2 protein chains.
Amino acid sequence: MNAPTDAKFLAATATVDDAAVKPLPNSSKVYIEGSRPDIRVPMRRIAQADTPTSFGGEKNPDVYVYDCSGIYTDPAAKIDIRSGLPALRAGWIAERNDTEELAGPSSAFGREREADPKTAELRFNLKRKPRRALAGQNVTQMHYARRGIITPEMEYIAIRENLNRQAYIESLKAGGKTGEKMLELLMRQHPGESFGASIPAEITPEFVRSEVARGRAIIPANINHPESEPMIIGRNFLVKINANIGNSAVTSSIGEEVEKMTWAIRWGGDTVMDLSTGKHIHETREWILRNSPVPIGTVPIYQALEKVDGKAEELTWEIFKDTLIEQAEQGVDYFTIHAGVRLPYIPMTAKRMTGIVSRGGSIMAKWCLAHHKESFLYTHFEEICEIMKAYDVSFSLGDGLRPGSIYDANDEAQLSELRTLGELTQIAWKHDVQVMIEGPGHVPMQLIKENMDIQLKECHEAPFYTLGPLTTDIAPGYDHITSGIGAAQIGWYGCAMLCYVTPKEHLGLPNKKDVKDGIITYKIAAHAADLAKGHPGAQIRDNALSKARFEFRWEDQFNLGLDPDTAKDFHDETLPKESMKHAHFCSMCGPHFCSMKITQDVRDYAEKQGVDAQAALQKGMQEKAIEFVKMGAEIYRKA
Amino acid sequence: MNAPTDAKFLAATATVDDAAVKPLPNSSKVYIEGSRPDIRVPMRRIAQADTPTSFGGEKNPDVYVYDCSGIYTDPAAKIDIRSGLPALRAGWIAERNDTEELAGPSSAFGREREADPKTAELRFNLKRKPRRALAGQNVTQMHYARRGIITPEMEYIAIRENLNRQAYIESLKAGGKTGEKMLELLMRQHPGESFGASIPAEITPEFVRSEVARGRAIIPANINHPESEPMIIGRNFLVKINANIGNSAVTSSIGEEVEKMTWAIRWGGDTVMDLSTGKHIHETREWILRNSPVPIGTVPIYQALEKVDGKAEELTWEIFKDTLIEQAEQGVDYFTIHAGVRLPYIPMTAKRMTGIVSRGGSIMAKWCLAHHKESFLYTHFEEICEIMKAYDVSFSLGDGLRPGSIYDANDEAQLSELRTLGELTQIAWKHDVQVMIEGPGHVPMQLIKENMDIQLKECHEAPFYTLGPLTTDIAPGYDHITSGIGAAQIGWYGCAMLCYVTPKEHLGLPNKKDVKDGIITYKIAAHAADLAKGHPGAQIRDNALSKARFEFRWEDQFNLGLDPDTAKDFHDETLPKESMKHAHFCSMCGPHFCSMKITQDVRDYAEKQGVDAQAALQKGMQEKAIEFVKMGAEIYRKA
């Protein structure tokens, strides 16, 4: 943490770097309006070129993709991180008439920091006062849902999750006979295996409400983070991913962290956790929140620990509680709270290979041991719920005893904690407080499904939110991949959100390149999971990209991918000339022979020969060949 | 292809680059001797530091890992790529007395090239003459196996697959009480789920023989590639990976391809396929073979196509046959032959999204359509078997109709071809010719197991060798990851060898960085699969690395990983000082608070309190806390 540099950065630059705000190639930001004009759901629309005439010459439809990047990729928006983002939910929150604006922060620490001249230079210039539920009111989305209320947030989410699929279908239908044919091609999707999920063909606002009401999904949406664009986490919705950012005592600055956040959402981070542990946690978080269109999560015990100079044994419930209020009033959308790290489970970790690897878990373990007492997070759990429901902060019940090695996977410590998280879920739900459950860690593939199944059962289908899991320990430097393998699988089995792991895991703090590598890997895992579950419309993007690939529409292939820049760079390494992006061949085979071209011959041939191409093929053949075809046809009929 | 540069490189440099021959850090090459002195099986031995005294101070055992890198990483060896590698199997082949040395190449093309002054500069200076089976003899490993003969190759493989586990165990046992405790820790492994594989606790030469005899494993070992270090591919052995290299008409040179080969095996490529398509395929292959300690695979139809100037319709059985003999006499260990692309299946691809994407498949499709005839690969299959058994070339029955997109996965064309490959397997086995089966391609996760199960059934457990599969199409630039996810799963389900995919897939030809990224990703997938199957000893490396990680033995953590260089670089980006590699903290948490350190406190605490730490914990607690512990203890007992 470098205070002077930070202050300079924040005063002078005030913008995020160009790379983070440039719209993606051939993409435009569109807003789908809901039932009222202030429900405007952002999507990214990717325009495509026409199919070359040699392949049929048809017009290809615009493809709509989920867009987490906020107004940063909207050329019409003015970005000034000193002012923060517009408070798009402010009206919805106010009109519910169940909150009040406070005179100022009600946490002791929040007031202290506001008055501290030493950090004045670093402070975000927030003019808005914090809000809180009126006495006796509960302002959680779950509370509304259970009373049958469909909030604007819920409607927003329903529109968002459907990805403008109807418009895509209609634009194809408008294309007459060719369009109908394309519709069939582009909308086809393999049946999924969802392992008991209940994913409807179309997400309605009522479905969002019902899932939130029964606790199977959460909408992390603190009333003090009105800048956030509503999103949902639940097994019957698109699988989401989280990106961790945050400075440590050793390195990085506020400016860098804001930049990492805008960078993370550009590439598809659905939520961001600020895990800062340095001296200016409070100020860093404020800058991130005010500029973040995605929900922000934190681990409040990290900051509480800073307040007692890193001495875990000096933590108290009062300090922790003040920290919760401080952060809730800044607008944090979900709190990781390791309330399942209970005293009796701690000795279970003594025989582990890697003990307790969760930072929050080990802080609480140290406290419990020092005091010979049950964790104050556990004993004060209902009080925590009272705070959560006054701001609508969601629980992310932390897995403080998650395994830190393949050796420790699915052991008694981990599973005992998971069962406790299930009990705590029911307590939170009694208060209408939203809950998700954090999960492993390091788990070999054959034990991943067991994790998911136990979680679904013990935690009553509260959304699971897992780190990886890493499927082997032997690849430091590549743990985005060891864990991406596990993440794809657990996402398929029912996990609702995947916490990314970067290549720097176990080795150092991620830089921007690492953040991007982590995000893209996890977008792949999440999408592979959506496909495998049979999420409606999940295959649209795969189909569109494959069609572009087949037709040598290189630019469209790049643009429909998760990372157009890298795809284009890789292509250009071998065939840099602009003309090569219209070439009907690639560097793998060269211009002389190309398998894609031959397929077109097959297609033309089949077309020419009429519907029964197989019979036609037989016509011109010698006796022996006919015999073979008969044999083949038999095999084919058996299939 | 750049002939002058090549000639210059080959004449002058004559060595591979330093980076490819430097031994890996703290690693030494050891050779385990078999029943005779000329069976010397290479392994990499990784030495570890002692555990810091604060963690117990014990001596950590050397870890042995599989080593594909040949003598390149042996400091005692003299590397001169102009001379090639020593012919370690020459004696074994000769002593079987079933082969003869030919006067020269027996293929027309081989003779023509030998006499061609234009390529003289480019030619490897091979003094050895090609060998062939004596008339009426069959020299395949399968043939020996079926006659009950355990070849030196089989014994070599048995030693190799066991990874010197016994020595590891004994070195621990020698450590007295501490050693026994460590043994328990370091050898523990989760039970696997092998989906019907039959993996023994120890691989014996007889087991190798029996698996080869029944066709469930292959040993690709052409008698004209005596430089190769024997290895095995089968579902009851360690999962293997293949790296593709090769120039194209558009780019790269012979020197680069040799360098890619040495680079690929350094990082763990078990076999290498030379997919060159340029002008000097024959010469490039010779250089690669003479310098490769791993089996080399090719797709002979690529070269046959060059011989007819890229005009698929001009291919003939005679040209193809001559190519097989040419390559078999050079020493190619396995041939990809797309004999399952049958005429009646071709029209099935007309309605695909991406048609036929296999280069070999589309060449044969074009030929079949042009001639209205069944494929000559299919009609001449038994003649091909005759060639294979005269040199011991293994079949890699190509999946010419593999899906090129998620859309096309598991369609009738793909599955019809797979069934035909099963029929061809039985024909090959009739000739005692070794067979593996190539597989997809692009397949969403929920359809991967179906692929594997159908392959096992239809192809009678002949080893499956798959490309990926890619689990989504939407990430060009990251297809090592989209496919690594699928590869780990299919490896777990029973696939014997995983063909790597590099980040350049679909976009361009891989450079050295891409080759390494592909290899490491696939080593991860293969190892994750070994762990999940419960392969004996698979967890040893994970356990050792995790122990090093927990004890802050940074260098050991790097060195036990798949890529020590990258791990170290990543660590040093944040904490570059040498002293930091002995620091008992990392950049993630900083020196102030560290979860690993706290775990040590837990351990000390549990130790101090005696065996029943749980009861001890209760002692100092207040009434309410005791109540909680009782509840917790109950949950714990239930577990």
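For this structure, a couple of remarks:
- Over 28 Å apart at the Cα level, from the set A:LYS307/B:LYS547; A:LYS547/B:LYS516; A:LYS504/B:LYS523; A:LYS513/B:LYS523, are A:LYS307/B:LYS547; A:LYS547/B:LYS516.
- Simple label model, 7 Å out from Cα along Cβ direction - A:GLU450 to A:ILE427, nm: 2.8 nm
- Teacher prompt: A:THR178 distances to equivalent labels in other copies, 7 Å Cα→Cβ, nm: 7.8
- Viscosity 1.306 mPa s, temperature 10 °C, Stokes-Einstein D of the range B:250-323 from Kirkwood C-alpha radius, µm²/s: 121 µm²/s
- Applying 0.36 nm per residue to the separation of B:GLU383 and B:ASP116 and subtracting their alpha-carbon distance, the gain on full extension is 93.2 nm.
- The range A:469-573 - percent of accessible surface contributed by carbon and sulfur, probe 1.4 Å: 52 percent
- Of the GluC sites (Glu not before Pro) found in the range B:120-225, the ones in coil according to DSSP and having at most 13 other Cβ atoms within 10 Å of their Cβ are B:GLU202.
- Peptide-level mean, for B:412-424, of C-beta atoms on other protein chains within 10 Å: 2
- Shielding by partners - mean other protein chain Cβ count within 10 Å, residues of A:518-530: 5
- Each residue of the range B:20-35 is assigned a 3J(HN,Hα), and the resulting list reads 8, 10, 5, x, 5, x, 6, 10, 9, 8, 10, 10, 9, 7, x, 6 Hz, derived from the Karplus form 6.51 cos²θ - 1.76 cosθ + 1.60 (θ = phi - 60°), x at Gly and Pro.
- For residues of A:188-199, the mean tally of beta carbons on other chains within 10 Å: 2
- Only protein heavy atoms count here; under a 1.4 Å probe, A:ASP270 has an accessible surface of about 10 Å².
- 0 to 90° range, to nearest 10: angle between helix B:254-267 axis and chain B longest Cα axis: 30 degrees
- Estimated from the Cβ-Cβ distance and a Förster radius of 25 angstrom, the FRET efficiency linking A:GLU170 and A:SER28 is about 0.85.
- Anisotropy class of the range B:125-181 from Cα gyration tensor, a/c 1.5 cut: oblate
- On Cα atoms only, tilt of B:152-162 relative to the major axis of chain B in degrees: 30 degrees
- Rounded to the nearest 10 Å², the accessible area of B:MET348 at probe 1.4 Å: 20 Å²
- Distances in nm from A:ALA201 to the matching label points in the other copies, shortest first (labels 7 Å along Cα to Cβ): 5.7
- Rounded if a/c under 1.5, otherwise prolate or oblate - chain B, Cα gyration tensor axes: prolate
- Where B:ARG165, B:ARG146, A:ARG342 fall by accessible area, highest first, once all protein chains stay in place (1.4 Å): B:ARG146, B:ARG165, A:ARG342
- Residues with amide H under 5 Å from that of B:VAL41, placed H, sequence gap 5 or more: B:ILE32, B:GLU33, B:GLY34
- Of the accessible area of the range A:132-255, computed with a 1.4 Å probe over protein heavy atoms only, carbon and sulfur atoms account for 51 percent.
- Distances in nm from B:LYS59 to the matching label points in the other copies, shortest first (labels 7 Å along Cα to Cβ): 7.9
- For A:SER396, residues with placed amide H under 5 Å, excluding near neighbours: A:PHE335, A:THR336, A:ILE337, A:MET436
- Remark on B:ARG131: its backbone amide H falls under 5 Å from those of B:LEU102, a criterion applied only to residues 5 or more positions apart or on other chains, H modelled at 1.01 Å from N.
- Tail beyond 22 Å, pair distance distribution of the range A:69-185 (Cα, percent): 62 percent
- Protein heavy-atom accessible surface, 1.4 Å probe, per residue over the range B:367-481: 20 Å².
- Estimated at 0.36 nm per residue, the fully extended path between A:LYS279 and A:GLU206 surpasses their Cα-Cα distance by 21.8 nm.
- A simple rule links phi to the HN-Hα coupling: the Karplus curve 6.51 cos²θ - 1.76 cosθ + 1.60 with θ = phi - 60°, which for the range A:232-238 gives 10, 10, x, 5, 9, 10, 4 Hz, with x for Gly and Pro.
- Vicinal HN-Hα couplings computed from phi for the range A:98-103 (Karplus, 6.51 cos²θ - 1.76 cosθ + 1.60; Hz; Gly/Pro x): 10, 10, 10, 7, 8, 5
- Between A and B, accessible area buried - total, square angstrom, nearest 100, 1.4 angstrom probe: 12200 Å²
- Rounded Å value of the spacing that divides the Cα centres of the range A:236-289 and the range A:398-425: 26 Å
- On Cα atoms only, tilt of A:564-574 relative to the major axis of chain A in degrees: 50 degrees
- Relative contact order %, chain A, counting alpha carbon pairs below 8 Å whose residues are six or more apart: 14 percent
- Normalised by 2.2 N^0.38 Å, where N is the number of residues, the alpha-carbon radius of gyration of the protein assembly as shown equals 0.94.
- For the pair A:GLU184 and A:GLU412 in one chain, pulling the backbone fully straight at 0.36 nm per residue adds 77.0 nm over the alpha carbon distance.
- Nearest-0.05 FRET efficiency for A:LYS512 and A:ALA135, computed from C-beta distance (R0 56 Å): 0.80
The values are calculated or read from the model by the stated rules, or taken from the named source; none is laboratory data. Note that the coordinates shown come from a computational prediction; the quantities given were computed from them, not determined experimentally. Glycine gets a Cβ as well: all are built from the backbone with ideal geometry, and neighbour counts include every protein chain shown. Keep in mind that these areas ignore ligands, DNA and RNA; they rest on the heavy atoms of the full protein, side chains included. Shrake-Rupley method; radii C 1.70, N 1.55, O 1.52, S 1.80 Å.
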